[in-house]
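Every read-out reported here was derived from the displayed coordinates using simple, explicitly stated rules and does not represent laboratory data. Keep in mind that what you see is a predicted model, and the values were worked out from it rather than measured. Glycine also receives a Cβ, built like all others from the backbone with ideal geometry; neighbour counts cover every protein chain displayed.
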Protein chains: 2
Amino acid sequence: MTDTAALPKYLQVSERLARQVTAGLLRAGERLPPEREMAEGLGIAVGTLRKALDQLAAQGMLERVQGSGNYIRKPAQASNIYAFFRLELVAGGGLPTARVLTVERVPKPGDLPAFGTSADGHRIRRVRALDGVPVALEEIWLDGDVAARVTPADLSESLYLFYRERLGLAITRIEDRVGIAPPPGFGAEALALPDPACFVERLSWAVEDHPIEFSRTWVHSDRARYVARS
Amino acid sequence: MTDTAALPKYLQVSERLARQVTAGLLRAGERLPPEREMAEGLGIAVGTLRKALDQLAAQGMLERVQGSGNYIRKPAQASNIYAFFRLELVAGGGLPTARVLTVERVPKPGDLPAFGTSADGHRIRRVRALDGVPVALEEIWLDGDVAARVTPADLSESLYLFYRERLGLAITRIEDRVGIAPPPGFGAEALALPDPACFVERLSWAVEDHPIEFSRTWVHSDRARYVARS
DNA sequence: AGGAATTTGTGCGTATGTATC
DNA sequence: AGATACATACGCACAAATTCC
């Protein structure tokens, strides 16, 4: 437990809703109660709730339809809650899943950008799939100081939940860089991606200007693409 | 002039500020007047102005600093106002410019996604540069029905202004897809990009669900990258 | 160092417009 | 046409961060 200052109400609410979506309590397509009802139930003003919903809409998690209602858009999906980009099949859509390959605490290599305070990092390697078809390799570096140990069991459900509930961290800012690069050696068990692949580098901030995570995702662009909607 | 319904005030204000930035009336680093002053000058409520400023901040055009002020972030730059991604040098930053190579009205080829109502499109080809160094090739398809003719002179200043003032169109939604592909044949005069390159496909909506523009940008990823910040 | 002034952030409540059902 | 529900707009009070004296 950190001594983090209390989040603003509107962020508390959007975080809570995001968690409920992640946990599957709110499912895709589901309609939320009317804003006035919901605000009353939460004990906040309608304007505050609307700000929270705007947040979620901006993240693509919610669709707001005037005259109709607010609808959950994203299915419950692991580890993609704060993603700026969505990984999609070339044809669009696809149910995202991820399988953890390895989790190791190792010294940060020199080619990583500066983030966190430790010389070590937790290196998490995963295969990401859409509708069961492997489409990308991913390497996530979590700063060594946020946790002494990380095990695959911690990560099996949702990276998001792990960060929020086990570490007490709320990711507040993300920077993505898009380029191309050859995929790294992920071992024989991993998907063989053609060389080179489109990839996205991500720096995640837990608090302003203090990144605690760095990740790289290599996407087989014949099978899937990163999609961003404004 | 279209019979478009009047835009909400907060969008009118953000559009106007965006134009001023594009036109160079507001320069990078410049601080805006205090919100209360500004709102009074515009004859609107502070909350409405704040919503406009939030828009611009979300677009990366403005930086809002509590206790300090609102600062213009982007330099005056042509045609990048609505960009979801920013094209940056690998080291970060770089002053973006663009040079139009050709503008032609031609039948839409079959590999374009569905957009607009015409069988023809205006094909605009450009070289984009950062700090004077060519880093990307770009092909923009504007639906044939939004204008009978388009000339390079129309585009020399700013694609944004052209859309807004000549065509009366406000881009309201953008969808970007990231992948890799070989750069096309842009003629001998164009920058020779290595094959393949990282590229971004963009569909721009003028009104909800009615895209009028499609573009593809091929980026030499050794020189520049697309960067998105949340 | 410290405190006041300035400036943006959060939160509330209300009234009216507009799209959907 | 009426009811429902989200969108816009206004105004106010207080909190929090920054700036300046």
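Listing for the model above:
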item	result
Other copies of A:Gly69: label-to-label distances in nm, shortest first, labels 7 Å along the beta-carbon direction	4.8
Residue order, fewest to most surrounding Cβ atoms within 10 angstrom, among A:Glu139, B:Glu88, B:Glu40, A:Glu213	B:Glu40, B:Glu88, A:Glu139, A:Glu213
Average beta-carbon neighbours from other chains, 10 Å sphere, peptide A:220-227	4
HN-Hα J in Hz across the stretch B:143-150 - Karplus 6.51, -1.76, 1.60, θ = phi - 60°, x for Gly and Pro	4, x, 7, 7, 6, 6, 9, 9
Global form of the stretch A:2-72, assessed from the alpha-carbon gyration tensor, a/c cut-off 1.5	oblate
Interchain or long-range residues, amide H under 5 Å from A:Val135's placed H	A:Arg128, A:Ala129, A:Leu130
Amide H within-cut-off set for A:Ala197, under 5 Å, with H built and near neighbours excluded	A:Ala181
Least to most buried among A:Arg27, A:Arg126, B:Arg177, B:Arg73 (fewest other Cβ within 10 Å first)	A:Arg27, B:Arg73, B:Arg177, A:Arg126
Per-copy distances of the B:Gly185 label point, shortest first, in nm (7 angstrom along Cα→Cβ)	4.2
Per-residue average of Cβ from other chains inside 10 Å of B:198-204	3
Exam field: B:Ala45 pseudo-label spacings to other copies (7 Å along Cα-Cβ), nanometres	1.0
Burial ordering of B:Leu17, A:Leu142, B:Leu101, fewest other beta-carbon atoms within 10 Å first	B:Leu101, B:Leu17, A:Leu142
